[in-house]
1. Return yes or no: is Pro335 of a type outside the set (A, V, I, L, M) and either within 13 Å of ligand 1 (Cβ to nearest atom) or closer than 30 Å to Arg77 by Cα (or both)?
2. With (1) free of Cβ contacts under 8 Å to residues at least 60 places away in the same chain; (2) β-branched (Val, Ile, Thr); (3) touching a strand residue (DSSP E or B) at 6+ places or on another chain (Cβ under 6 Å) as the list, and Val343 as the residue in question, which single condition is left unmet?
3. Residues that are hydrophobic (A, V, I, L, M, F, W, C), at least 3 per element: which strands (runs of 3 or more DSSP E) completely within the stretch 15-128 meet that?
4. Is it true that some residue in the stretch 128-145 is farther than 18 Å from Glu247 by Cβ and modelled with pLDDT of 95 or more?
5. Any chance you could count how many residues in the stretch 342-364 are near ligand 2 (Cβ under 8 Å from one of its atoms) and within 19 Å of the chain's Cα centre (by Cα)?
6. Quick check: anything in the stretch 108-124 hydrophobic (A, V, I, L, M, F, W, C) and under 16 Å from the mean Cα position of the chain (by Cα)?
7. Restricted to the stretch 181-221, and to residues that are farther than 30 Å from Val148 by Cα and within 16 Å of ligand 1 (Cβ to nearest atom), which residue is surrounded by the fewest Cβ atoms within 10 Å (Cβ to Cβ)?
8. If a residue has to be without any contact (Cβ under 8 Å) to a residue 60 or more places away in the chain, buried (at least 19 other Cβ atoms within 10 Å of the Cβ) and farther than 27 Å from Phe262 by Cα to count, how many in the stretch 307-333 make the cut?
Amino acid sequence: LNVDHETLFRPITINQLTLQNRYVQGPMAAHAPQHDGRPSAETFAFFERRARSGVGLVIVGGAYCTQWGWEGASNTRYWIRLDRDDYAADLAKLAETAHRNNVPIFAELNVGDGAVGKPGPDFIAASAVALEIPEAALKAILPVPGGVRKSAPRAATRDEIARLEDETAQSALRVKKAGFDGVELGAQMSYFLASFLSSRTNLRDDEYGGSTENRARIIINIVRKIRGLVGGDYPIGVRMLANEHVEGGQEAAEYAALARLFEAASVDYIALTEGGHEAVDMGATGDASIVRHGEAQVFKQHISIPIMLQGVHDPDLAASIVRAGHADLILLGRPLLVDPDYVNKLRQGKAVDIVRCDKNNECLRRLMVGLSIRCPRNPTFGREATVANRPKQIASHVAEWATLKAVSSPTLMKLASKVVGK
Ligand SMILES: Cc1cc2nc3c(=O)[nH]c(=O)nc-3n(C[C@H](O)[C@H](O)[C@H](O)COP(=O)(O)O)c2cc1C
Ligand code: SF4
């Protein structure tokens, strides 16, 4: 281990759970689930591979925790469902991929798409504010002439909000029972929960809008409801924006004030992201922009629970940020799609061998247009189940060939049946 990186390999405790190091596999809808929202063989292989990556924690992303979230999604292709009891065995199998490798695993609870979702009678967000993504913000991923302008959702009723809070808490209980070690509330991008936090997108005049306390209410209600079901010692995080990065948008001090309320409501860590869908380019830089802009530092002044940072691809930079106390955990998203051995290599002092993400965003481009997610720098990503099974397939072909041709080679047959596992 290079001494400069030693800070990144110090344990840290979240609630009662100790993580062995500061690296976290970030939530990513990049695990190719089945069309009904169950994990697929590829999903299991994706998480198994990342659980062996040397990270201290794995977070399952691309996961809706309410029926409304699933049914109102603009594209369910990349997402699993946490809202169904009959999927519990699949979720337990998912948790097992990490536990087999002695790594804890959390589930991101995404309530639903909000203003990003599918227009229809249940197209709801905090308020009727339409999502507009300027052409310039999309350039880093996919140039769309004129940008994207969606129709306005309708404001959710108080009954609808209360029902979604309850359902989210039930999903937290479900994933806990399935063996997950913690949950993270997804209030990132421009999704449903995020729409409540910003005074630009939350224009409500009831108890869910207006003051900082009111805009924090939906998350605090959910946290209380989750705590009532899972107890005080279960880790709960909140993933939220550090800054909206749009004109007239909400900035770090106000988001940090919300985070302070979340901490008081027993949230165990805050995971920071940059910008919503309107500023989607902000999250793609990978050069620690949340620290460069001073947003992480503002949060540190407001809260004392651990802060997780995204977008820090360089290990030297990550170590200096943690050493300086600007953040406590480093989330790796795209870097682990490219090189699932990133953290192992770093621990072995082989940082030069890490295959780096080019930030060209082929992965996100493919996600935007609905194609299977791939990474040109890692041809096995997205096909990990097949790759893991390849030796077995080859052995089974050899055994079949030998049988058909009546080749009498006990050594060959023995070898093949050993690999096939018969
Ligand atoms: C293909 C892909 C899918 C993603 N899906 C999610 C998701 O479901 N939930 C989420 O909170 N973030 C999601 N993200 C964002 C990542 O967690 C991460 O914050 C982002 O990629 C920036 O970190 P990085 O620079 O390390 O990649 C996704 C990112 C990618 C590349
Ligand atoms: S496709 Fe490009 S941006 Fe995405 S993970 Fe691979 S190298 Fe990084």
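1. It is true that Pro335 is of a type outside the set (A, V, I, L, M) and either within 13 Å of ligand 1 (Cβ to nearest atom) or closer than 30 Å to Arg77 by Cα (or both).
2. For Val343, the failing item is (1).
3. Ranges flagged: 57-60, 105-109.
4. Looking only at the stretch 128-145, we keep the residues that are farther than 18 Å from Glu247 by Cβ, and these are 128, 140-145.
Filter once more, so that each one left must be modelled with pLDDT of 95 or more: 128.
Looking for residues that are farther than 18 Å from Glu247 by Cβ and modelled with pLDDT of 95 or more, one finds at least one in the stretch 128-145, hence yes.
5. Here the count works out to 6.
6. Yes: the stretch 108-124 contains one or more residues that are hydrophobic (A, V, I, L, M, F, W, C) and under 16 Å from the mean Cα position of the chain (by Cα).
7. It comes out as Gly182.
8. 1
The values are calculated or read from the model by the stated rules, or taken from the named source; none is laboratory data. Quick caveat, the model's predicted, so the values are computed rather than measured. Here the Cβ is made from the backbone with ideal geometry for all residues, glycine too, and neighbour counts use every protein chain on show.
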